[in-house]
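The values are calculated or read from the model by the stated rules, or taken from the named source; none is laboratory data. Note that the coordinates shown come from a computational prediction; the quantities given were computed from them, not determined experimentally. Cβ sites come from the backbone with ideal geometry, for glycine too, and all protein chains shown count toward neighbours. Heavy atoms of the whole protein, side chains included, go into the accessibility calculation; ligands, DNA and RNA do not. Shrake-Rupley method; radii C 1.70, N 1.55, O 1.52, S 1.80 Å.
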Amino acid sequence: MAGVTWDSIFPGNSSLVRKVLYGSVLVRDYDPTNDFASWSPFDSTSGLLSSTLLTDDGFQDVGFLDENGVSFDPTYSTADTTAWQTRQPLRTDVTADTEQAAIVALQSTPLTDALYNNVPLSTVSPLGTPGYSMIKPKTPGIVYRSVLFLGVDGSAGDYIFLAVLYPKALMVKPDKQDWVAKTELQVPITFQAYPDSASGFTIKRWRDGPGWRALALPNAPDALTVGSVTATTIPVTWSAPATGPAPTSYTVSVTAGGSTVPDATFTPSNPNTTTAATVGGLVTATHYTVAVVSNSANGSSPAATVEGTTS
């Protein structure tokens, strides 16, 4: 078997190198009856963000964060059980599997006051309320939140979104604040994700958006049909796949008895940019399988196949 060079098999794709250029952190008070199992922050048709995030879904945006955005810090550890009779572990068990997310909010609002002081958001006063105050309880309480982290890459019309949901989260670290003239008032807080029995998970991550969907392989052609077969030709027609990225071309192939027919001809020649082709150069009274795949810059689809027997 002949060898290949490294560059012929290297699967690198620069379009898959991502940056989180912008983003938001959305919060709401935790509701144990709210099941996030089938919920998504995206519109299923367009892949854009759902228009109900800040309305029906009940989230509020924390606002501007410092330039470091969100820092996700997972902790994963295991412990081995060993024995005198072997130098290899007898078993391994996970001893910790948690994640925390740290942010530094720049907007000084009743919302960030509530997050920093572990106060329910339902008690937050509107901006500009006369005599505004917030009391931190003498006895610390456990106030869970649902926290949605959103990240954005790409540009208008080509957005790729990243989303991370902590359906049940606790603010576990309000970091120090400095009141100084040279620096804006910052609200540094850290959330930790906890298992949510209603949703059945601790953390859920998504990728979506028009730019993300454009990375998909095309679907197989639809409605592949055999036309009027002759002694040496099999004409086929098909239609573009109804869903997924639009193909840029199609490739037609033919086999007999599971083996490629080396002398077959194709009109028009491959790659074919139409939705019809005639396979020629065939043998009379022979059963053939014709396959058509959709092609795009991302690769090729599975094959649609149809069978025909020459006369």
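Thr267 to Thr78: extension gain in nm, 0.36 nm per residue of separation minus the Cα-Cα distance?
Here the segment from Thr267 to Thr78 would lengthen by 61.9 nm.
Taking θ as phi - 60°, what are the ³J(HN,Hα) couplings along the stretch 70-83 by the Karplus curve (6.51, -1.76, 1.60), each to the nearest whole Hz, with x for Gly and Pro?
10, 10, 8, 10, x, 10, 9, 9, 9, 10, 8, 9, 10, 9
Would you calculate, for the chain, the mean residue ellipticity at 222 nm contributed by helices, counting each DSSP H stretch of 4 or more residues as -39,500 (n - 2.57) and dividing by all residues, to the nearest 500?
About -1000 deg cm²/dmol.
Can you give the charge dipole size of the stretch 99-217 about its Cα centre, rounded to the nearest 20 debye, using +1 on the beta carbon of Lys and Arg and -1 on the beta carbon of Asp and Glu?
Magnitude of the dipole: close to 300 debye.
Within the chain, what whole-number % of the accessible surface is contributed by carbon and sulfur, with the 1.4 Å probe and all protein chains included in the calculation?
55
What is the chain's relative contact order, in percent, from Cα pairs under 8 angstrom and six or more apart in sequence?
Over the chain, the number comes to 15 percent.
Can you list the HN-Hα couplings for the stretch 261-269, worked out from phi with the Karplus curve (6.51, -1.76, 1.60; θ = phi - 60°), rounded to whole Hz and with x for Gly and Pro?
8, x, 9, 5, 10, 10, 10, x, 5
Positive end of the dipole of the stretch 1-49, charges at C-beta (+1 Lys, Arg; -1 Asp, Glu), about the Cα centre: which of Val4, Tyr22, Gly47 has its Cα farthest in that direction?
Val4
Can you give me the Kirkwood hydrodynamic radius for the stretch 19-95, using every pair of distinct Cα atoms, in Å to one decimal?
After inverting the pairwise mean of 1/r, the radius is 17.2 Å.
Which far-off residues, 5 or more places away or on another chain, put their amide H under 5 Å from the one on Gln186, with H placed in the peptide plane?
Asp178
Find the relative contact order for the stretch 120-184 and round it to a whole percent, using C-alpha pairs within less than 8 Å whose residues are 6+ positions apart.
Reported relative contact order: 26 percent.
Would you mind working out the accessible area per residue for the chain, using a 1.4 Å probe, and quoting it in Å²? List each step's numbers first, then the result.
Values: 18180 Å² over 311 residues.
Using a 1.4 Å probe on heavy atoms only, each residue of the chain averages 58 Å².
If amide H atoms are built 1.01 Å from N in the plane of the peptide, which residues on other chains or at least 5 residues away come under 5 Å of the amide H of Lys204?
Leu165
For Lys136, which aspartates and glutamates qualify as cross-link partners when the Cα separation must be under 15 Å and same-chain residues fewer than eight apart are set aside?
Asp113
Please compute the length gained on full extension between Ala246 and Asn13, using 0.36 nm multiplied by the number of residues separating them and subtracting their Cα-Cα distance.
Values: separation 233, 0.36 × 233 = 83.88 nm, distance 1.99 nm.
Extra length from Ala246 to Asn13 when fully extended: 81.9 nm.
Anyone know which of Asp93, Asp56, Asp66 comes out most mobile in the 10 Å Cα GNM of the chain?
Asp93
Across 20 Å bins from 0, what is the distribution of all Cα-Cα pair distances for the chain, in whole percents?
Reading upward from the zero bin: 23, 36, 27, 12, 1.
Using Cα pairs under 8 angstrom and six or more residues apart, how large is the relative contact order of the stretch 1-94, in percent?
Relative CO of the stretch 1-94 lands at 21 percent.
Give the average over all directions of the projected area of the C-alpha convex hull of the stretch 145-290, one decimal, in nm².
On the way: hull surface 64.6 nm².
Across all orientations, the stretch 145-290 yields a mean hull projection of 16.2 nm².
Loop only per DSSP, at most 16 neighbouring Cβ atoms within 10 Å: give me the chymotrypsin sites (Phe, Trp or Tyr not before Pro) in the stretch 22-118, ordered by residue number.
Trp39, Phe64, Trp84
Going by Cα centres, the stretch 271-311 and the stretch 171-211 are how many Å apart?
If we compute the Cα centre of each part, the gap is 53 Å.
Taking a 23 Å limit on the Cα-Cα distance, which of the listed pairs Lys168/Lys204; Lys138/Lys173; Lys19/Lys204; Lys138/Lys204 fall beyond it?
Lys138/Lys204
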